[in-house]
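Worksheet: one structure, shown below.
The values are calculated or read from the model by the stated rules, or taken from the named source; none is laboratory data. Treat the numbers as computed from the prediction; the structure is a model and nothing was measured. Note that each Cβ is placed from the backbone with ideal geometry, even for glycine, and that neighbours are counted across all protein chains shown. Protein only, heavy atoms only, side chains kept; ligands, DNA and RNA dropped before computing areas. Shrake-Rupley method; radii C 1.70, N 1.55, O 1.52, S 1.80 Å.
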Amino acid sequence: MATNTMRAAALLGVVLLLLCAARHGAAQRYEAIYSFGDSISDTGNLCVGGCPSWLTTGQSPYGETFFKRPTGRCSDGRVIIDFLAEHFGLPLLPASKATGGNFKKGANMAIIGATTMDFDFFKSIGLSDSIWNNGPLDTQIQWFRQLLPSACGRDCRRHLSKSLFVVGEFGGNDYNAALFSGRSMADVTGYVPRVVSHIIRGLETMIRLGAMDIVVPGVLPIGCFPIYLTLYGTSNAGDYDGDGCLKSYNSLSYHHNSLLKRSIAKLQRTYPRTRIMYADFYTQVIQMIRAPQNFGKLYLLLVFLLPSSNK
């Protein structure tokens, strides 16, 4: 998983998500929102039945600024999907694993630590010991299928065509698992086409079920994450860009996002009646690093917790 500070900073990506989702005008309305992803979006799936004792985000001070208690969100308040739901006048999405949840206005399948690829992929590359959660993309799609009868009954295609799907980000934890296990950058870069292809297959499954409006975020600039700067920092100034971030790790993120955008464009041509919208989290975070003073109340957080060429 990426550090919690970077996950919290990604909240500003909501601005771009709102612009994408409302592209056809301010009058856009949705019957429901269905969310898939990892800790950027999890609203409590890992804490259904109680947060594990080892889960930092299940303890104070997480949740203190909005919910007044830990909810399993990787934030002291709301996450991106919460703001989206509020913007469209919908209730905050219930965790899909919650027993007896009301899913008629949407559901959140995202879970902390989620990967794109399933266990068999990581086993095939010798990284089975690096994966601990049971919520990869395919599993989240299974959770979604299971709740559909209670969400939309016999008229699911119509309901899903009037719903917003937010799928991701996916990919970050796939690369984290490999990099933190000591795999070379060349090896991890070689996984990118398989990861992106798996995302596209997941999107196609949702489209065939009836999804029409889909937002697909890219991955964050991991070369700016404090954990990467700490673990892989060097004394060579040439390893860093002008923002104080590690070039090679950001190049990995950029490569993923470039391939994802091209693949989304191809999928859009295959399904011209859908709207598949790429959300650029990468650029949002870079802009925060370069000019944190432009982001209001997050200024102090960014100054102290994110790298900057001005520090």
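Brief remarks on what is shown
- With only the Cα atoms considered, region 128-197 has a convex hull volume of 100 Å³ per residue.
- Overall form of the chain per C-alpha gyration tensor (a/c, 1.5; a/b vs b/c): rounded
- Largest-first ordering by accessible area, 1.4 Å probe, given options ARG73, ARG183: ARG183, ARG73
- Cα gyration tensor, region 50-123 - rounded (a/c under 1.5), prolate or oblate: oblate
- GNM top mover of SER251, SER163, SER35 - the chain, alpha-carbon springs below 10 Å: SER251
- Ligands, DNA and RNA aside, HIS159 has an accessible area near 10 Å² when probed at 1.4 Å.
- Per-residue surface analysis assigns LYS123 an accessible area of about 130 Å², computed on protein heavy atoms at 1.4 Å probe radius.
- Kyte-Doolittle mean at least 1.6 and Cα axial length at least 20 Å: DSSP H helices in the chain: none
- Rounded to 5, the percent of DSSP beta bridges in region 159-292 classed as antiparallel: 10
- Relative contact order (percent, whole number), the chain, Cα cutoff 8 Å, 6+ residue spacing: 20
- For the peptides 190-200, 210-220, 275-285, 233-243, residues were scored by their other Cβ atoms within 10 Å and the scores averaged per peptide; the highest-first order is 210-220, 275-285, 190-200, 233-243.
- Which listed pairs, of LYS104/LYS266; LYS123/LYS162; LYS162/LYS261; LYS97/LYS261; LYS105/LYS261, have C-alpha distances above 27 Å, in listed order: LYS104/LYS266; LYS123/LYS162; LYS97/LYS261; LYS105/LYS261
- Computed [θ] at 222 nm, helices only, for the chain once each DSSP H run of length n ≥ 4 contributes -39500 (n - 2.57): -13000 deg cm²/dmol
- Cα-based Rg of region 167-222 normalised by 2.2 N^0.38 Å, two decimals: 1.29
- Partner aspartates and glutamates whose Cα lies under 12 Å from the Cα of LYS247, excluding those fewer than 8 positions away in the same chain, are identified as ASP239.
- Between SER60 and HIS255, full extension at 0.36 nm per residue minus the direct alpha carbon distance yields a gain of 66.5 nm.
- Inter-centroid distance (Cα atoms) of region 73-97 relative to region 101-168, Å: 16
- Cα shape, region 38-180, gyration tensor, a/c 1.5 rule: oblate
- Taking every protein chain into account, the 1.4 Å probe leaves SER128 with about 40 Å² of accessible area, to the nearest ten.
- The relative contact order of region 64-193, computed from alpha carbon pairs under 8 Å that lie at least 6 residues apart in sequence, is 20 percent.
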